[in-house]
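Colleague: Got a structure for you, written out below as structure tokens; questions coming shortly.
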Amino acid sequence: MNYLQAEKISKSYREQSLFESLSLSIDKNQKIALIARNGAGKSTLLRILSGVEEPDAGAVNTMQGLRIGFLLQDPELFDHLDVLGQVLYSLPQFSAAIKNYEEAMSGDDHDRMDLAIREMDHLNAWDCETRIQEVLHKLKITDLSQKVGELSGGQRKRIALAAVLVPQPDLLILDEPTNHLDLDMIEWLEEYLGQSHITVLMVTHDRYFLDRVCTEILELTDKILIRYRGNYEVFLDKRRDRMELDQRQTDKASNLMKKELEWV
């Protein structure tokens, strides 16, 4: 089942082209890592695919009703909210569904109650606060009443990660998810993302984590995308083979040009 299709998308900043006419697809249950040198446009591409930013050209189409969870590399949080309030604020659909259900419970409008129940079922929101507590506990955030403004940068990133994981979206798009995580947290996240039903596209500098979770690699190089089937170790082997082939073809073309010039 196809979740997302990007067709010939391009993006430039300050007259510098990051990528041109990129096309890619993401299908259900795929676990993909995006790799590129720093400054090549990885985070920008994630923002475009998640719908946060528009491409200069091309289009991104998603399956109808697709729910995307996007973790920014530097998420913006509200210092005046407490931890629980921040996570709930990041989940407006859940908060609205819970509020509608609680209000319907206090009245006698059966149609409204039926609608509220269906919405809670659709979002799987019945145990939302319990899931928030469980995920935050795994990420070693235990004081849900603490103000966000009192937290460290690492704790703030973990709260943002929890807000992305709790609603169990169809597609996870994660920008550096292991930043500020200790070994126990990384192992838990690795196990979570490794579940067969999870679909994820990620950028990470943690090569060990990437190797354990992802089964496909997208390399953004020279403004184009090259797809490799396999984990990071397989990617390294295939990339080396491709570069050697490119070099042989370049040498062959150079030798041919040299011979042609000798005849001029």
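The values are calculated or read from the model by the stated rules, or taken from the named source; none is laboratory data. For clarity, every value in this text was computed on a predicted model and none was experimentally measured. Here Cβ is always computed from backbone atoms with ideal geometry, including for glycine, and neighbour counts include all displayed protein chains.
Colleague: Are any of the residues in the stretch 109-119 of a type outside the set (Phe, Trp, Tyr), touching a residue at least 24 places away in the same chain (Cβ under 8 Å) and either touching a Cys at 6+ places or on another chain (Cβ under 6 Å) or crowded, with 18+ Cβ neighbours inside 10 Å (or both)?
Modeller: For the stretch 109-119, residues of a type outside the set (Phe, Trp, Tyr), touching a residue at least 24 places away in the same chain (Cβ under 8 Å) and either touching a Cys at 6+ places or on another chain (Cβ under 6 Å) or crowded, with 18+ Cβ neighbours inside 10 Å (or both): absent.
Colleague: So, of the residues in the stretch 2-50 that are on the phi > 0 side of the Ramachandran plot and surrounded by fewer than 16 Cβ atoms within 10 Å (Cβ to Cβ), which turns out to be nearest to the chain's Cα centre (by Cα)?
Modeller: Asn29
Colleague: Moving to a separate point now. May I ask you to list the residues in the stretch 168-182 that are crowded, with 18+ Cβ neighbours inside 10 Å and not acidic (Asp, Glu)?
Modeller: Within the stretch 168-182, Leu171, Leu172, Ile173, Leu174, Pro177, Thr178, Leu181 meet the criteria.
Colleague: With of a type in the set (A, V, I, L, M), in a helix (DSSP H, G or I) and touching a helix residue (DSSP H, G or I) at 6+ places or on another chain (Cβ under 8 Å) as the only criterion, which of Leu84, Leu77 stands out?
Modeller: Leu84
Colleague: Run Ser50 past the list (1) over 24 Å from Phe94 (Cβ atoms); (2) touching a strand residue (DSSP E or B) at 6+ places or on another chain (Cβ under 6 Å); (3) modelled with pLDDT of 95 or more and report the number of the one that doesn't hold.
Modeller: (1)
Colleague: Could you check how many residues of the stretch 69-108 are under 20 Å from Arg47 (Cβ atoms) and out of contact with any Pro (no Cβ under 8 Å at 6 or more places or on another chain)?
Modeller: 9
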